[in-house]
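Values quoted throughout were computed directly from the atomic coordinates according to the rules given, and no laboratory measurement underlies them. Everything numeric here is computed off the predicted structure, so don't read it as measured data. For neighbour counting, all protein chains shown are included, and Cβ atoms are generated from backbone atoms with ideal geometry for every residue, glycine included.
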Amino acid sequence: MIGLLLTNIGTPDAPSPAAVRRYLREFLSDRRVVELPRIIWYPILYGAILPLRARQSAKLYQNIWQSEGSPLLIHSQQIAIQLQKILQIPVELGMHYGTPSIQSAMEKLRAAGVTEIKVLPLYPQYSATTTASAYDAVTAVLRRWRALPAVHLLGDYADHPDYIAAISDSIQQYQMQHGKKFLLFSFHGIPQRYVNLGDPYAARCQLSAEHIVRALGLTENEYQISFQSRLGKAKWLTPYTDKVLAELPPRGIKEIQVVCPGFAVDCLETLEEIALRGHEQFMETGGVSLEYIPALNASEGQMKVLTQVLYAAGLPRNIAHTPSGANTSRAPF
């Protein structure tokens, strides 16, 4: 029996300094995320970043927190529920950092008796800091298991036709209701050094944007690409979104729409950094309006993207769920 493991970056359990500190400690301790030697990095992390950033980030999370919890977790769970209904196989959600963990999700799949796991990270564009980090977490769990399932690690879907169509359709539908304005593509950034060392993330973002621009028929004067969420003083992918937001009004571009194609679901970086803080910054520098176009979340377009990615990776169509404990052609692991 086949099972599906969806992975996403994770989120604090609550918008409190203590919960955010636990989350950031786990996140920023990942060697894929921060590649500095631990003897250099840990004094910075524990001595400066965690004490200050936990309090600051907690306030930001409070601005977007919903009654059901973190938006990232809510939307990711909705995707998992919808995919299980569509695919009729066990589907579990695991977060790289925080809860539910990748380990707990894999344990649930094992308890359900699956003999093959397809791993789908919810990152349209590959990066070692995200997709590869998910693979690290999966293999770390498998190292502790004696009987192993077949595991299929799926790559990204940066130029998948259904992904491009879903993003493009989302933008067009929004513009049909609100009018067409200058479009800013804002992707999450990573350190430039990582790209110099071979991470293909920047190229994958550029590829996605080029396909979307072509699908929308935009001219070079109607859009721009930028990168957000940088941390520290090292150079990250440029141009920086916050810098672009400050530069557009003096250029005469005072009405913009922002889309974040690198985020499968809305989260702190889209709802707070762009829709709230970005909007405030844009207005302070002479802008008239900044409209954020929501992520695909658990929309029909998102479901089509993910199911088609899975089918292309060999998932049989319309496979039936085999009840836990039923006889299968392979022994459960």
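Overview of values
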read-out: Neighbour-count ranking [beta-carbon atoms within 10 angstrom, fewest first] of LYS59, LYS233; value: LYS233, LYS59
read-out: Nitroxide proxy distance, nm - points 7 Å out along Cα→Cβ at GLU300 and LYS59; value: 4.3
read-out: Percent breakdown of C-alpha pair distances by 10 Å bin, ordered from the shortest bin, for the chain; value: 5, 24, 34, 25, 10, 2, 0
read-out: In degrees, nearest ten, helix 102-111 long axis to first principal axis of the chain (Cα); value: 30
read-out: Helix-only [θ]222 nm of the chain, DSSP H runs n ≥ 4, -39500 (n - 2.57) each, per residue, nearest 500; value: -12500 deg cm²/dmol
read-out: Unit charges at the beta carbon, dipole of segment 85-164: most positive-side option, TYR123, VAL151, SER104; value: SER104
read-out: The chain: angle of helix 50-64 to the longest principal axis, Cα-based, in degrees nearest 10; value: 90
read-out: In nm, spacing of pseudo-spin labels at VAL195 and ARG38 (7 Å Cα→C-beta vector); value: 3.1
read-out: Taking MET176, MET283 and counting other C-beta atoms within 10 Å, the order from fewest to most; value: MET176, MET283
